[in-house]
Each structure stands twice: as structure tokens, then as C-alpha cells.
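Student: Starting off with a structure, shown below.
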Amino acid sequence: MDIATLKEWFTLENIMQLLESYRAFGPLPGILLPLLESFVPFLPLFLFILANVNAFGFWLGFLFSWIGTCGGALLVFLLVRKYGQKRLLSFIRNHKKVQKLMIWIERHGFGPLFILLCFPFTPSALVNIVAGLSRIKVKQYFLAIVAGKLVMIITISFIGYDLQAMITQPIRTIPVAIAIFVLWFVGKRVEARMNVTAEKEREQGN
């Protein structure tokens with residue numbers, strides 16, 4: 001089966017049938033599908049999230065999608081962080097555009113990464129790899145992943161679960177906008193505190 005045929009198979013109906021077939025495994029299929037997308041970027045994360053909220057309900061579907069997506073992103077990040085200096089990834093690390101993105105991530109930290117990860121169609125696989133190659137702290141990236149993916153997934157879940165209500169009652173999107181701002185603000189405060197702690201540790205080490 002080639003990639004084109006595989007892509008054609010991934011429809012909302014087929015994914016929901018897959019989840020139903022493995023219902024005996026509880027939340028595991030709903031978590032594994034979004035996690036797998038972190039390693040195979042052409043898989044349709046959007047459809048996985050929609051299938052989860054339709055199969056498990058809004059909150060459980062959101063939770064399983066969030067856990068799977070964050071877990072997969074962090075695994076990719078940690079694997080690249082550990083093996084990024086190997087020859088296998090040297091062609092990525094030495095690419096000029098990748099190096100620019102690495103420097104940008106290192107300089108700006110949580111804030112822009114959080115905003116970037118909030119958008120459903122951001123190439124998160126590339127972001128995970130580049131972040132792993134960069135010198136950004138694991139805590140900073142974990143914070144950006146957890147907060148950014150939370151906003152992205154709850155937005156998709158909301159759209160998929162009740163699209164008609166969102167169109168007829170656009171005021172219901174206000175909580176999403178507020179959540180984005182609150183998470184960004186809290187994330188920036190946490191990042192600032194982590195930076196102060198790290199600076200104190202460096203001073204004590206000297």
C-alpha cells in the first residue's frame with residue numbers, strides 16, 4: 001500500500017470504525033493515533049481529533065487527543081535531542097533554514113512557540129525536530145507543547161463536536177480566545193520564573 005492509497009483510507013468514517021473495532025482497549029486507540037501522527041506527519045491529526053470527540057464524547061475525546069499529541073511531540077523532541085548529533089540527522093542540522101529556525105527558537109523561547117503550536121496546520125513535526133536540535137530547555141518546550149496543543153486540540157474538538165452551533169452562535173468562540181490569552185500569559189510568567197531560577201543557579205555555580 002503506497003502513501004497515496006493510505007491517505008485515501010483515512011476518512012472520518014474509517015477512523016471511527018477503527019476506534020469502534022478496538023473499543024475493548026478503552027482510551028488506548030484514541031491516544032495512540034494522535035501520538036503516531038507525531039512520527040508520521042502525513043497522517044490526519046485533524047480527523048483523529050474529530051473521531052475521538054465523536055467516539056468518546058467532547059471532554060474524553062479532547063483529553064485522549066491531547067495526551068497522545070503531547071506525548072508524541074515530546075517523544076520526538078527527546079529522541080532528536082538525544083540522537084541529533086548523529087550523522088543520520090546531520091543533513092537536517094546543517095541546513096541553513098533549519099539553523100535559522102533553531103536560533104529563532106533559542107532566542108524567543110516559549111511565547112512564539114506557543115502561538116505557533118496553537119495553529120492546527122503548523123508543521124509540528126518539523127518544529128519538534130528543530131526544537132530538539134536547538135538548545136531550548138526541555139521544560140520550556142514541554143510548557144509550550146502542553147499549552148499550545150491544549151488550545152489547538154480544544155479548538156478542533158469544539159469545531160468538530162458542534163460546528164453548527166459555532167456558525168450560528170459565533171459568540172461561543174470567545175472562551176477559546178480567552179483561553180489562548182490566559183495560557184500565553186501564564187506560560188510567559190512561568191518561563192520568566194524558570195529563567196530567573198536558571199540565572200541564580202549559574203551565579204551560584206560561579
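Every number here is computed from the coordinates shown, using simple stated rules; none is lab data. None of the values given here were measured: they were computed from a predicted structure. Ideal geometry is used to build each Cβ from the backbone, glycine not excepted, and the neighbour counts take in all protein chains shown.
Student: As an exercise, use a Förster radius of 22 Å and the Cβ-Cβ distance of LYS82 and LEU126 to find the FRET efficiency, rounded to the nearest 0.05. Kindly include the intermediate steps, with their values, before the conclusion.
Tutor: On the way: r = 18 Å, r/R0 = 0.83.
Calculated value: 0.75.
Student: Same structure again: With labels modelled as points extended 7 Å from the Cα through the Cβ direction, what inter-label distance (nm, one decimal) is found for LYS137 paired with GLU106?
Tutor: Simple spin-label model gives 1.6 nm for this pair.
Student: Which FRET efficiency, nearest 0.05, do ASN14 and LYS97 yield, Cβ-Cβ r, R0 30 Å?
Tutor: On the way: r = 36 Å, r/R0 = 1.19.
For ASN14 and LYS97, the calculated efficiency is 0.25.
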